[in-house]
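Everything on this sheet refers to the single structure shown next.
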Amino acid sequence: MNIDGRTRVIVHLAYPSTHLRTPSFFNPLIEQQGRNAVLVPWQVSPENLPKVWDALRLCESLAGVIVTIPHKTDVAGLCDELEGAARFLQVSNVARRTEDGRFIGRMYDGPGYLQGLRNEGHEMRGRRVLLLGAGGAATGIAHSLVEEKVERLTIANRTRSKAEDLAAKLNTEFGTDIVSAGEAVGGDHDVVINATSVGLKADDPLPIDPDSIQSDALVGEVIMQPDVTALLEAVRARGCTIHKGKHMITGQTQLLADFLLGPLGAD
Ligand code: ATR
């Protein structure tokens with residue numbers, strides 16, 4: 001990678017940043033495409049985020065930011081404009097900086113997750129899906145799952161009211177009644193997706209009892225470090241098909257690059 005005075009910088013805001021894998025997918029892609037840009041991890045605590053954000057507005061080399069745990073909701077509030085699903089969900093995982101220091105936020109976790117599933121041969125249309133979590137990543141994925149016309153979507157979250165609010169919002173937005181809040185129990189769901197942050201830390205408990213999941217179900221993660229989480233290991237031992245968290249990134253890397261840097265050849 002040839003970094004020079006014209007290199008456009010993208011910072012990856014996270015806390016902690018030690019688990020980040022996006023740079024290892026993103027940087028080779030933009031290098032291969034001959035784009036003069038680089039993605040750099042920045043570990044920023046939630047309390048310092050507003051101050052850092054104000055400083056980023058002034059950085060003229062900055063193309064934008066990619067955002068992950070725990071900043072996606074806060075960043076949506078800090079953006080000057082939100083587009084598409086980000087506006088509906090008030091959650092943003094990427095923001096482009098304009099020349100005059102404004103930020104335009106979008107949300108690609110949902111489209112990226114669905115593309116990642118598709119790339120691995122998994123279609124979601126007509127499936128019965130249990131989604132664990134109602135935070136930033138989960139809301140984006142939930143939005144895309146309903147858009148994709150799953151048969152049923154159950155959302156289970158530690159704070160149940162957040163799952164109920166999200167279910168109601170999605171049913172209203174799409175004019176449907178297929179989304180509901182429920183318990184973290186596999187039951188007759190044929191797809192289970194962990195979109196909580198449980199599993200990031202080595203001593204975390206499992207986000208769901210693996211024995212409650214059908215042995216022919218597909219179980220997906222959003223957590224990408226470790227590559228195979230304790231949950232994926234446990235359900236694989238039961239015979240389930242597993243879908244690693246890294247596919248959420250591989251599915252959306254190109255989408256993020258095009259949004260932040262413009263179409264190929266424009267930077
Ligand atoms: P992200 O933007 O990556 O989704 P987030 O918005 O902070 O991160 O959301 C984290 C999700 O993990 C939430 O659904 C959270 O549940 P709450 O809404 O109840 O906070 C869930 N989560 C985090 N820690 C958890 C824990 N120890 N047990 C169960 N769920 C947890």
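The values are calculated or read from the model by the stated rules, or taken from the named source; none is laboratory data. Fair warning: this is a prediction, and the values are worked out from it, not measured in the lab. Note that we place each Cβ from the backbone using ideal geometry, even for glycine, and neighbour counts take in every protein chain shown.
Observations on the model:
- Residue, farthest from ASP190 (Cα to Cα), within the range 108-136, restricted to residues that are part of a loop (DSSP other than H, G, I, E, B) and either touching a residue at least 40 places away in the same chain (Cβ under 8 Å) or assigned by TED's automatic domain parsing to the domain that holds ALA63 (or both): TYR108
- Within the range 137-166, being among the small types (Gly, Ala, Ser) and out of contact with any Gly (no Cβ under 7 Å at 6 or more places or on another chain) holds for ALA137, ALA138, ALA142, SER161, ALA163.
- Residue within the range 94-104 that is within 13 Å of the ligand (Cβ to nearest atom), part of a helix (DSSP H, G or I) and either crowded, with 20+ Cβ neighbours inside 10 Å or on the phi > 0 side of the Ramachandran plot (or both) present: no
- For the range 229-246, a residue qualifies if it is closer than 17 Å to SER197 by Cβ and either away from the ligand (no atom under 14 Å from the Cβ) or buried (at least 21 other Cβ atoms within 10 Å of the Cβ) (or both), and the qualifying residues are THR229, LEU231, LEU232, LYS244, GLY245, LYS246.
- For PHE88, the conditions (1) assigned to a helix (DSSP H, G or I); (2) modelled with pLDDT of 95 or more all hold with the exception of (2).
- Against the list (1) free of Cβ contacts under 8 Å to residues at least 40 places away in the same chain; (2) crowded, with 24+ Cβ neighbours inside 10 Å, the condition GLU147 fails is (2).
- Here PRO28 qualifies as part of a helix (DSSP H, G or I) and under 25 Å from THR250 (Cβ atoms).
- Subset of the range 187-201 that is away from the ligand (no atom under 16 Å from the Cβ) and part of a loop (DSSP other than H, G, I, E, B) - its residue that is surrounded by the fewest Cβ atoms within 10 Å (Cβ to Cβ): ASP188
- Residue count, the range 199-225 (criterion: out of contact with any His (no Cβ under 9 Å at 6 or more places or on another chain) and over 21 Å from HIS143 (Cβ atoms)): 14
- Residue within the range 6-16 that is more than 16 Å from the ligand (Cβ to nearest atom), modelled with pLDDT of 95 or more and part of a loop (DSSP other than H, G, I, E, B) present: yes
- GLY34 being within 15 Å of the ligand (Cβ to nearest atom) and either under 17 Å from the mean Cα position of the chain (by Cα) or not assigned by TED's automatic domain parsing to the domain that holds ALA195 (or both): no
- Contacts under 8 angstrom Cβ, first residue in the range 197-208 being closer than 15 Å to ASP227 by Cβ, partner of a type in the set (Ser, Thr, Tyr) and more than 10 Å from the ligand (Cβ to nearest atom), 6 or more apart: GLY199/THR229
- Some residue of the range 124-133 being aliphatic (A, V, I, L, M), within 11 Å of the ligand (Cβ to nearest atom) and within 17 Å of HIS243 (Cβ to Cβ): yes
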